[in-house]
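Structure first, then comments.
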Amino acid sequence: MKNRANMTTSKLAIYIASHKPFRFPKIDYYRPIQVNAYKNKKFLSFRDDMGINISNKNNRFCELTALYWIWKNDFDSQYIGLCHYRRYFKFKKSWNYYLKPIFEKNYLNDKEIMVSDKILRLLYENYVIVPKKYRLGKMTVEQHYCQFHSEEDLKILKEIVIKKYPNCISAWENVFNRKWMYAYNMFITDRKLFHQYMAWLFDILFAVERRVPPKSDVYQNRTFGFMAERLFNVFLIYKKCRVQEIPIIFLT
């Protein structure tokens, strides 16, 4: 049974995926991790090419190579999160906190991204911290993916998800028929759910990888990063997760 007395940031790790040096926050529980490190100059102590890793898949898996490394190599953190060197959860409230999903800024104020006691309580109560909804206008999630990525890839993904996890079909239909999603592959959750998500996600994506060849277009070749953004939403419903939406700071 969890102990409320241990609700501190000492067991919290929010990793910051980055492919280049940056001005990272000076907060203990934020851990910059270098992605695509296997073929680049090393500049961080946490890198996706250390230990058990898939760093050489970064061009297709994007920040998922960081998630995979965390899954296989972080043995201590009780609560685990991921953000990006230009995208962070905005925990400090302001007058327009509830009105805007994204706050664009040209610099990062560390005080805005410090985890509050309220967030720790939510994590203790098994909430998943997610970005505010990314709205797709008049398109559904399915229509949006087919228009901006590959309809054929999506068919293969759905086929594999339903074959491997037939109980996910309701969650899949729910997500792909709505007009918003939780984007960016950003979240914070407890260790148990994180490991469940990683096992589920990579079981699916590695099966898709065997059937979907690389693409010549560099952007569209980020296939599995795009897929994971949608699959995260399916997983949340599949596992009946309670979520807390938080705005995002985007560094321009």
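The values are calculated or read from the model by the stated rules, or taken from the named source; none is laboratory data. All of these numbers come straight from a predicted model, not from anything done at the bench. Because the Cβ atoms are built from the backbone with ideal geometry, glycine has one as well, and the counts that use them run over all protein chains shown. Just so you know, the surface numbers come from the protein's heavy atoms only, side chains and all, with ligands and any DNA or RNA stripped out. Shrake-Rupley method; radii C 1.70, N 1.55, O 1.52, S 1.80 Å.
Observations on the model:
- Global geometry of segment 97-175, whether rounded, prolate or oblate, following the gyration tensor of its Cα atoms and the 1.5 cut on a/c: oblate
- Average projected area [Cα convex hull, segment 1-140], square nanometres: 10.7
- Three-way shape label, segment 133-252, alpha-carbon gyration tensor, a/c 1.5: rounded
- Label-point gap, in nm, between Lys92 and Lys179 - each point 7 angstrom along Cα→Cβ: 3.6
- Relative contact order for segment 32-102: 23 percent, from Cα pairs under 8 Å spaced at least 6 residues apart, divided by residue count.
- In this structure, the residue pairs whose Cα-Cα separation is over 27 Å, taken from Lys20/Lys93; Lys164/Lys240; Lys158/Lys192; Lys41/Lys158, are Lys20/Lys93; Lys41/Lys158.
- The chain: relative contact order in percent, alpha carbon pairs under 8 Å with at least 6 residues between: 27
- Range of Cα positions in the chain per principal axis (Å), largest first: 46, 41, 40
- At the residue level, His19 shows approximately 100 square angstrom of accessible surface with a 1.4 angstrom probe and all protein chains present.
- Anisotropy class of segment 189-252 from Cα gyration tensor, a/c 1.5 cut: oblate
- Accessible area (Å², 1.4 Å probe, nearest 10) - Lys93: 100
- Under the Debye formula (equal points on every Cα, no solvent term), log10 I(q)/I(0) of segment 60-138 at q = 0.16, 0.20, 0.22 Å⁻¹: -0.82, -1.19, -1.31
- Within the same chain, aspartates and glutamates fewer than 8 places from Lys42 are excluded, and of the rest, those with a Cα less than 17 Å from its Cα are Glu63.
- Relative contact order of segment 103-211, defined on C-alpha pairs under 8 angstrom at six or more residues apart (%): 39
- For Thr9, solvent-accessible area (1.4 Å; no DNA, RNA or ligand), Å²: 50
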